[in-house]
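Below you'll find the structure, written out as structure tokens, and then a few comments.
The values are calculated or read from the model by the stated rules, or taken from the named source; none is laboratory data. A quick note: this is a predicted structure, and the numbers were derived from the prediction, not measured. All Cβ positions, glycine included, derive from the backbone under ideal geometry; neighbour counts span all protein chains shown. Accessible surface is based on the protein model in full, side chains and every heavy atom, while ligands, DNA and RNA are left aside. Shrake-Rupley method; radii C 1.70, N 1.55, O 1.52, S 1.80 Å.
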Amino acid sequence: MKAFTKYKYGGPEVLQMEEVESPVVKNNHILVKVMANSANPADWRILRGKPFFARFSFGLFKPKDAILGADFAGIVVEIGSGVQHFKIGDHVFGEMLGGGAFAEFACVPNNICANMPEHAKFTTMAGVPIAGLTAYQAIITHGNIKNGESVLINGASGGVGHFAVQIAKAYGAHVTAVCSSRNSDFVKSMGADNTIGYDKEDIHQHKGDYDVVIDVHGNLTHSDYTRMGKRGVMVGFTTIGHMFAVLLKKAFNKFPLTQFTAEANTKDLKVLASLIKEEQIKVYIEKSYPYTQIPEAIAHIEKMRTRGKVVMVWQDIHE
């Protein structure tokens, strides 16, 4: 099968498409014919081996796993022993943070994927897993958003942010979205009640009062959380130093601030699939690439100026 591989750390230029052996289905796994992927910041960070401490998980001196890629949508072609909730022919989506998704076929643990809604496109659902799970778990699992509460979402126009706005609205929150002024109309179209253009107003001086502050962009200080919110959720961070500065102050403060990494699970993916089926959230795709241009897609996402999602399509290789 064709797959994009990397044998050293670096930028998109170290990715190469080559023929590799197709994976053999394992117990409690399904073999998926990949029809579409999406690109995420996690992909280029894993590709570059940054931050450095992540290499203790992904390989200290060189990548442990050759095939990059997390998000996928595709068709089940084989079932491993112990799998009960999927059958051959099912359309599924999910994420493999350890890699392996940027390939024609992927051997996927059955507990990190879910069935796609009927009639949903592969490109649509490939854009959901990491970004959608991160947004859902930030808003619901850790943010504990309740109907009628107010939420500030910092970094509202990107992959995670545009899902966070929609999920918060679906659960009855009043949403104020922080983004560039050029993206104000976009986040309003996603359901934001108010917007703050960070190029027009200094968010570090903002005097708003919110039940929850969600930082997707990763540049809020600990004092920003305590000034603006009753509780906070830290999703991203701009630098390791910034992250440790916030977490150090958190350790000596009673303010309820949560920092987390999203975990893939079938239950949450099913919720996202249901919200998409009910048209309470939609996946905005900024750009679509053919699978042959996966390195270009990673380079695009690394610029950190994406509106919504970037997807990559494998359909033509299976036709």
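Within the stretch 66-74, identify whether any single residue is aromatic (Phe, Trp, Tyr) and either out of contact with any Ser or Thr (no Cβ under 9 Å at 6 or more places or on another chain) or open to solvent by 30 Å² or more (accessible area, probe 1.4 Å) (or both), and answer yes or no. If you could, list the steps in order and put the result at the bottom.
Our first condition is that a residue be aromatic (Phe, Trp, Tyr); within the stretch 66-74, this holds for 72.
After this cut, where a residue has to be either out of contact with any Ser or Thr (no Cβ under 9 Å at 6 or more places or on another chain) or open to solvent by 30 Å² or more (accessible area, probe 1.4 Å) (or both) as well, the list is none.
No: zero hits.
Does Ile140 satisfy being aliphatic (A, V, I, L, M) and surrounded by fewer than 19 Cβ atoms within 10 Å (Cβ to Cβ)? Working first, answer last.
On the way: aliphatic (A, V, I, L, M): yes; surrounded by fewer than 19 Cβ atoms within 10 Å (Cβ to Cβ): yes.
Judged against the criteria, Ile140 is a match.
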### Query
Name the residues in the stretch 201-219 that are more than 20 Å from Ile140 (Cα to Cα), in contact with a helix residue (DSSP H, G or I) (Cβ under 9 Å, 6 or more places away or on another chain) and not in a helix (DSSP H, G or I), would you?
His206, Lys207, Gly208, Asn219
### Summary
Over the stretch 94-116, the set of residues open to solvent by 10 Å² or more (accessible area, probe 1.4 Å), within 18 Å of Ile285 (Cα to Cα) and either assigned to a loop (DSSP other than H, G, I, E, B) or of a type in the set (Gly, Ala, Ser) (or both) is Met116
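Within the stretch 122-135, which residues are touching a helix residue (DSSP H, G or I) at 6+ places or on another chain (Cβ under 8 Å), open to solvent by 20 Å² or more (accessible area, probe 1.4 Å) and over 16 Å from Asp43 (Cβ atoms)?
Of the stretch 122-135, the ones touching a helix residue (DSSP H, G or I) at 6+ places or on another chain (Cβ under 8 Å) are 122, 124-125, 127-135.
Within this subset, residues satisfying the condition of being open to solvent by 20 Å² or more (accessible area, probe 1.4 Å) are 122, 124, 130.
Correct list: Phe122, Thr124.
Look through His174, His91, His119 and report the one residue that is more than 29 Å from Gly49 (Cβ to Cβ), modelled with pLDDT under 95 and open to solvent by 20 Å² or more (accessible area, probe 1.4 Å).
Values: His174 fails: modelled with pLDDT under 95; His91 fails: modelled with pLDDT under 95.
Just one listed residue meets the conditions, His119.
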### Message
So, in the stretch 240-284, exactly how many residues are open to solvent by 70 Å² or more (accessible area, probe 1.4 Å), touching a residue at least 24 places away in the same chain (Cβ under 8 Å) and over 29 Å from Asp224 (Cβ atoms)?
### Response
4
### Task
Could you run through the stretch 208-229 and say how many residues are in contact with a His (Cβ under 8 Å, 6 or more places away or on another chain), closer than 19 Å to Ala131 by Cβ and open to solvent by 30 Å² or more (accessible area, probe 1.4 Å)?
1
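Matching residues to (1) surrounded by fewer than 18 Cβ atoms within 10 Å (Cβ to Cβ); (2) farther than 27 Å from Arg307 by Cα; (3) in contact with a His (Cβ under 6 Å, 6 or more places away or on another chain); (4) modelled with pLDDT under 95:
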site	(1), (2), (3), (4)
Glu19	yes, yes, no, no
His29	no, yes, no, no
Arg45	yes, no, no, yes
Phe58	no, yes, no, yes
### Task
Search the stretch 92-113 for residues that are aromatic (Phe, Trp, Tyr) and pair each with any residue that is part of a strand (DSSP E or B) and surrounded by fewer than 24 Cβ atoms within 10 Å (Cβ to Cβ) when their beta-carbon atoms are under 8 Å apart and the residues are at least 6 apart or on different chains.
Phe102/Ile67; Phe105/Leu31; Phe105/Lys33; Phe105/Val77
### Query
What pairs come up if the first residue lies in the stretch 170-198 and is on the phi > 0 side of the Ramachandran plot, the second is basic (Lys, Arg), and their beta carbons are under 8 Å apart, counting only those six or more places apart or on different chains?
Gly172/Lys146; Gly191/Lys169
### Message
If I filter the stretch 75-88 down to residues being aliphatic (A, V, I, L, M) and part of a loop (DSSP other than H, G, I, E, B), which single residue comes out as most open to solvent (accessible area, probe 1.4 Å)?
### Response
Ile88
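Out of all the residues in the stretch 285-301, which are open to solvent by less than 30 Å² (accessible area, probe 1.4 Å) and not in a helix (DSSP H, G or I)? Write out each step before concluding.
From the stretch 285-301, those open to solvent by less than 30 Å² (accessible area, probe 1.4 Å) are 289, 291, 294-295, 297-298, 301; that's our starting set.
Once the filter is applied, which keeps residues that are open to solvent by less than 30 Å² (accessible area, probe 1.4 Å) and not in a helix (DSSP H, G or I), the stretch 285-301 yields only Tyr289.
Condition test on Gly69, is it in a loop (DSSP other than H, G, I, E, B), under 20 Å from Lys2 (Cβ atoms) and in contact with a strand residue (DSSP E or B) (Cβ under 8 Å, 6 or more places away or on another chain)?
Values: in a loop (DSSP other than H, G, I, E, B): yes; under 20 Å from Lys2 (Cβ atoms): yes; in contact with a strand residue (DSSP E or B) (Cβ under 8 Å, 6 or more places away or on another chain): yes.
It is true that Gly69 is in a loop (DSSP other than H, G, I, E, B), under 20 Å from Lys2 (Cβ atoms) and in contact with a strand residue (DSSP E or B) (Cβ under 8 Å, 6 or more places away or on another chain).
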### Message
What's the number of the only condition in (1) at pLDDT 95 or above; (2) touching a Lys or Arg at 6+ places or on another chain (Cβ under 9 Å) that Val313 fails to meet?
### Response
(2)
